[in-house]
Each structure stands twice: as C-alpha cells, then as structure tokens.
Amino acid sequence: MSGQPQKPVRRSRRQKRNSGFAGFLKILFIQGNAAASSLKLRWEKTAQKPTPKTSLTPLSRRLTGLSQSGESERSPQFPLQQIDRNLEPLAAFLRNSALFKIIEFLGLILLTLAALSYISQGQEQQKIGHYQAWQTINSAQGKAGNGGRIEALEYLNGDRVSLAGVNADKAYLVQIDLANANLAKASFREANLQQAKLQGANLQQANLQQANLQAVNLKQTDIEAADFRKAKNLKTDQIKSAKNWEKAKFDDDFRAILGLPPEDKQFRG
C-alpha cells in the first residue's frame, strides 16, 4: 500500500558505479541541451535584426548568406560525404604517424595487462574456494550427516583436484557425483553412498567397510585392493561392472557368490 514506507533497496557496488556513470552522462546531456538552446535563441535574435543595406560583392553575398536581391538566406549546408572526404587525409595521417602507432601499442599492452590481471584474480579465487572446500570436509570428519561435504567434494572433483586419502567416514553422501574422481586410499567406512555416481573413479585401496552401497554406479571404477567387507546392499552386477574386482576384498560368502576362492588369511587386514 502507498501509506506504508518502502524498504530501501540494497544495490551492489557495480550497480552504484553504473548508476553514477549514468547520472554523469545525464548531466552532460542536460547541459548540452541547454547550451544548444542558448545558441539557437541567440541565432534567432540575430536573424531578427534588420540587415543594413550595403553594396556587397557576389563573394560577400555568398559569405553572408544574402541573395542578389538582398534577402537573407540560410547558411549553406555541406553534405556529410564532403565532410568525410575532408577528414580522410587527417585520418590517414594519424594512422601512419608514429604517435598513433605508439598509442595503439600502449593500448595493446594495457589490454594484455588487464587480461592477465583477470586471470590472476580468477586463480586466486579458485585457491580460496579449494581451501574452503577442504576446510568443510576436514571439519566434518568422523561426523554423521552431510555437513556440506557433498557440495565440497563435488566442487573439488569438478576442478580435477585429487581426493586421494580423503576421510568421509559416516558421511551422508546419497546421490553424490564423484565420477572419474581420484579416491585412492579414501575412507568411506559406514558412509551412506546410496545411488552415488562413482563410475570411472579410482578406488584403489579405498575403505568401504559397512558402507551402504545400494545402487552405486561402479562401472569402469578401479577397485583393486578396495575393502568391501560388511558392505550393505552390494550386488554382484555392481562389482563385476568395475575393473580389477577380482583383486578387491570381500566377505567369504560374497566371494563365493562372485565365484572367487576364499581369501587367504595372510592377506586379511
């Protein structure tokens, strides 16, 4: 309603800067219009003054805009094409002058420096993002629940950061997407990894004991020496879609289902 005070709208620094620049242009536009109006008014006053009758030569008549009969005429207007032709020699001179080349070279240098500065700032922001992601993962280590670890792990993997040795025990990582991630020696003990996308990942020597692996995608995942003992909801087709599954660790009953011989006691950890 119109009777209620409106809340102030917060604007970003860029919006404020753009608004200030727009205001500056508006002031210039208003001042330009005022100057043009003033010149027009002065011209009209001058045109209204009676023209003294003097004997003028044809050249003087052309310069003053008078016809042969002494009547005032409008000043001659030159076409834009004529103006362009008159400016062409000047433009050619500027293009070929050493000063113009120096200015052009300096412009390229400034553009290059601006691009390098932009790239450097982007790399710095990326480092800060990686640090914050690792801080989130490490602060939630050993705790149940998500704790922001899904977003942090996916963010790091999206930047192709190695996740080898990461500890996500007891973490809630349902539907996490870590395809093609480097998870060698990572620990997901008792973690909930239902419907996780781990295809193409490196899970060599990873600890997945007692983890919930229902509908986990292990296609082309390297699970050599990975520990799946006491894992929950694990299916044979999941395991056989992975690479080096014969070299992974399973409970004896599951090994029998897979058609593998019982694991030697000397290799049991």
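The values are calculated or read from the model by the stated rules, or taken from the named source; none is laboratory data. Being a predicted model, the structure only gives us computed values, none of them experimental. Positions of Cβ are generated from backbone atoms using ideal geometry, with glycine treated the same way; all protein chains shown enter the neighbour counts.
The residue that is nearest to Glu154 (Cα to Cα), among those in the range 107-134 that are of a type in the set (Gly, Ala, Ser) and under 16 Å from the mean Cα position of the chain (by Cα), is Gly129. Consider Ala215 carefully, then state whether it is within 32 Å of the chain's Cα centre (by Cα), farther than 15 Å from Ala144 by Cβ and part of a loop (DSSP other than H, G, I, E, B). So Ala215 fails the test.
Of Ala168, Ala231, Ala164, all but one fail to be at pLDDT 95 or above, under 22 Å from Arg255 (Cα atoms) and hydrophobic (A, V, I, L, M, F, W, C); the exception is Ala231. Would you be able to say whether some residue in the range 145-153 is modelled with pLDDT under 90, touching a helix residue (DSSP H, G or I) at 6+ places or on another chain (Cβ under 9 Å) and either over 20 Å from Thr221 (Cα atoms) or not in a loop (DSSP other than H, G, I, E, B) (or both)? Yes, the range 145-153 contains a residue that is modelled with pLDDT under 90, touching a helix residue (DSSP H, G or I) at 6+ places or on another chain (Cβ under 9 Å) and either over 20 Å from Thr221 (Cα atoms) or not in a loop (DSSP other than H, G, I, E, B) (or both).
Going through Phe228, Phe188, Phe250, Phe254 one at a time, which residue ends up being under 30 Å from Gly129 (Cα atoms) and of a type in the set (Phe, Trp, Tyr)? Being under 30 Å from Gly129 (Cα atoms) and of a type in the set (Phe, Trp, Tyr) holds for just one of Phe228, Phe188, Phe250, Phe254, which is Phe188. For the range 186-199, a residue qualifies if it is of a type in the set (Lys, Arg) and over 17 Å from Lys243 (Cβ atoms), and exactly one does: Arg189. Remark: pairs (first residue in the range 134-154, surrounded by fewer than 15 Cβ atoms within 10 Å (Cβ to Cβ); second residue in a loop (DSSP other than H, G, I, E, B); Cβ separation under 6 Å; 6+ apart in sequence or on different chains) = Gly142/Asp169; Ala144/Lys170. Residues in the range 223-249 that are under 23 Å from Val174 (Cβ atoms), of a type outside the set (Lys, Arg) and not in a helix (DSSP H, G or I): Ile223, Ala226, Asp227, Phe228, Ala231, Asn233, Leu234, Ser241, Ala242, Ala248.
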